[in-house]
Amino acid sequence: MTVVRALAAAAALVVIATGAAFAHHSFSAEYDDKKPLKLTGTVTTMKWSNPHAWIYVDVKEKGGKVVNWAFETGGANALYRRGWRKEDLAPGTVLTIDAFQARNGKPTANATSILLPDGKRLFAGSSAPGAK
Amino acid sequence: MTRTTRTLLATAMVVALAAPWLSQHLSGQGTAPPAGEQKAKEPVRRLPDGKPDISGHYQSDGGGANYGLEKHPQDFLTPGGRGVVIDPPDGKLPMLPWAVAEQKNRVLPERGYDDPTAHCFVAGVPRSMYVPSPMHILQPPGYVVILHERMAWRVIPLDGRPHVPDSIRLWQGDSVGRWEGDTLVIDTKNLNGKTWLNEVGEIVSHAETVVERLTPVDADTINYEATVTDPLVYSRPWTIAFPMNRQEGDLLEVACHEDDEDLAHLKEIRDAARAGRARR
């Protein structure tokens, strides 16, 4: 949790430095601050949409079952301003994602940052951390 | 010709007039100074008539106002805020008791999607000026035009015309402006009262009127103040203030809503809360 909070704080700093995130609704209603996650998986789809974009990632569970997780991020333009590019997120790309899971327990989460195979970390601009 | 038709024609004319300004200002933004090199503040730019030239691309330093106008700590993924209320001096919104109760209700989890901007309605005034998205200011002759990235705009005539009739109610209201020295004063009425002031549901009604003061203090900074008067919600007028900073960059398209999966999730939460109440 400490690590997650540190990441959230780092994300906040980045957002303050770079400006806009696109927030629309209560995140505490939808996501659970008691359910931080760090998951590694393979991109199946990146949906560049507003007001929020979504990354779908196949994550292999301990028993070998593959679950397709949906990660919410900031809007397409917020991601673009943070350096996200379509070519970095092609299907098959392996990502490690820090996120908070949805309260409903489904494989849905709000991403705070992603780690690309080349070691580059991108902040997700998700509705919120530190947006001003 | 009706007043509405005239307004529409005027808007179309201003958009047409704005085209050269758009092409001028949305291209060739120059290059940013090297990292670590502090750019010296340049004086306020001037138009040929001597009025300040405030045109350009701006991002407000809204200090978390979109998540609460008063000073507040971060709450999970909802950012904290430094507090932008400068009057009353205690930094608190002078809400009437019913408004305090309504605002508490608006932050319940089952109302997580009730903010009108979540449904792509425009943010209103003054919220349009502090949502965390940039804006582009144009100054065609006789007007100030503010293009907000969140698919909204304000066309502000400077010719002294009166407001539209009181019966016309608008999400962004009807704004008229004038220069007082170097300060652009914008007077806004005819608001519809349907907007929220931020994601935590701070309140305005259809009785809201706003006086905004934009004072450029150097070539890249505007001091922004807005005084909101709304006797249905507040016991007295109140004022917020923050800087607007000129930035390199362009407006990007925000096609709200292309696809929002939150709606389904938040409906589940609302329905569960309602079912819980029914059981009680």
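If you go through region B:256-276, how many residues are in a loop (DSSP other than H, G, I, E, B), touching a residue at least 40 places away in the same chain (Cβ under 8 Å) and surrounded by fewer than 18 Cβ atoms within 10 Å (Cβ to Cβ)?
Of the residues in that region, 1 qualify.
Identify the residue in region B:227-280 that is at pLDDT 90 or above and under 16 Å from A:P51 (Cβ atoms) and, among all such residues, is nearest to the other protein chains (Cβ to nearest Cβ).
The qualifying residue nearest to the other protein chains (Cβ to nearest Cβ) is B:L252.
In region A:72-90, which residues are crowded, with 23+ Cβ neighbours inside 10 Å, touching a helix residue (DSSP H, G or I) at 6+ places or on another chain (Cβ under 8 Å) and in a loop (DSSP other than H, G, I, E, B)?
Result: A:T73, single match.
Looking at region A:50-70 only, could you name the residues that are within 25 Å of B:S133 (Cα to Cα) and modelled with pLDDT under 95?
A:N50, A:P51, A:H52, A:A53, A:W54
May I ask you to list the residues in region A:101-118 that are surrounded by fewer than 22 Cβ atoms within 10 Å (Cβ to Cβ) and away from chain B (no Cβ under 14 Å)?
At the first step, the residues of region A:101-118 found to be surrounded by fewer than 22 Cβ atoms within 10 Å (Cβ to Cβ) are A:101-108, A:115-118.
The answer is A:L115, A:L116, A:P117, A:D118.
Could you look through region B:39-77, keep only residues that are among the polar types (S, T, N, Q) and either in contact with a strand residue (DSSP E or B) (Cβ under 7 Å, 6 or more places away or on another chain) or more than 12 Å from chain A (Cβ to nearest Cβ) (or both), and pick out the one that is nearest to B:P243 (Cα to Cα)?
Of everything passing the filter in region B:39-77, B:S60 is nearest to B:P243 (Cα to Cα).
Filter the strands (runs of 3 or more DSSP E) completely within region B:96-182 down to those with at least 1 residues that are among the hydroxyl-bearing types (S, T, Y). Give the derivation first.
Numbers: elements: B:135-138, B:143-148, B:152-157, B:174-180.
Where strands (runs of 3 or more DSSP E) fall fully within region B:96-182 and carry at least 1 residues being among the hydroxyl-bearing types (S, T, Y), they are B:143-148, B:174-180.
Among the residues of region B:183-196, which ones are in a loop (DSSP other than H, G, I, E, B) and in contact with a Phe, Trp or Tyr (Cβ under 9 Å, 6 or more places away or on another chain)?
Pass one, region B:183-196, residues in a loop (DSSP other than H, G, I, E, B): B:190, B:192-195.
Correct list: B:N192, B:K194, B:T195.
Take A:W69 and tell me if it is in contact with a Pro (Cβ under 6 Å, 6 or more places away or on another chain) and more than 9 Å from every other protein chain (Cβ to nearest Cβ).
For A:W69, the condition - in contact with a Pro (Cβ under 6 Å, 6 or more places away or on another chain) and more than 9 Å from every other protein chain (Cβ to nearest Cβ) - is met.
Listed residues B:N192, B:N245; which is over 13 Å from the mean Cα position of the chain (by Cα) and within 22 Å of B:M95 (Cβ to Cβ)?
Working: B:N245 fails: within 22 Å of B:M95 (Cβ to Cβ).
The unique qualifying residue is B:N192.
Take B:I86 and decide whether it is aliphatic (A, V, I, L, M), at pLDDT 85 or above, outside any loop (DSSP other than H, G, I, E, B) and surrounded by 14 or more Cβ atoms within 10 Å (Cβ to Cβ).
On the way: aliphatic (A, V, I, L, M): yes; at pLDDT 85 or above: yes; outside any loop (DSSP other than H, G, I, E, B): yes; surrounded by 14 or more Cβ atoms within 10 Å (Cβ to Cβ): yes.
In short, yes.
Here are some residues: B:P94, B:P43. Which one is loosely packed, with under 15 Cβ neighbours inside 10 Å and not hydroxyl-bearing (S, T, Y)? Even if it seems obvious, please write down each step before you answer.
Details: B:P94 fails: loosely packed, with under 15 Cβ neighbours inside 10 Å.
After ruling out the rest, the residue left standing is B:P43.
When you go through B:R154, B:R150 one by one, which is the residue that is crowded, with 21+ Cβ neighbours inside 10 Å, touching a Phe, Trp or Tyr at 6+ places or on another chain (Cβ under 9 Å) and closer than 23 Å to B:F242 by Cβ? I'd like the intermediate steps shown before the answer.
Values: B:R154 fails: touching a Phe, Trp or Tyr at 6+ places or on another chain (Cβ under 9 Å).
Result of the check over B:R154, B:R150: B:R150.
Confirm whether A:W69 is assigned to a loop (DSSP other than H, G, I, E, B) and of a type in the set (A, V, I, L, M, F, W, C).
Working: assigned to a loop (DSSP other than H, G, I, E, B): no; of a type in the set (A, V, I, L, M, F, W, C): yes.
So A:W69 does not fit the description; no.
Looking only at region B:197-209, which residues are crowded, with 22+ Cβ neighbours inside 10 Å and part of a strand (DSSP E or B)?
B:I203
The values are calculated or read from the model by the stated rules, or taken from the named source; none is laboratory data. Not measured: the values here are computed from a predicted model. With ideal geometry, Cβ positions are generated from the backbone for all residues, glycine too; neighbour counts draw on all protein chains shown.
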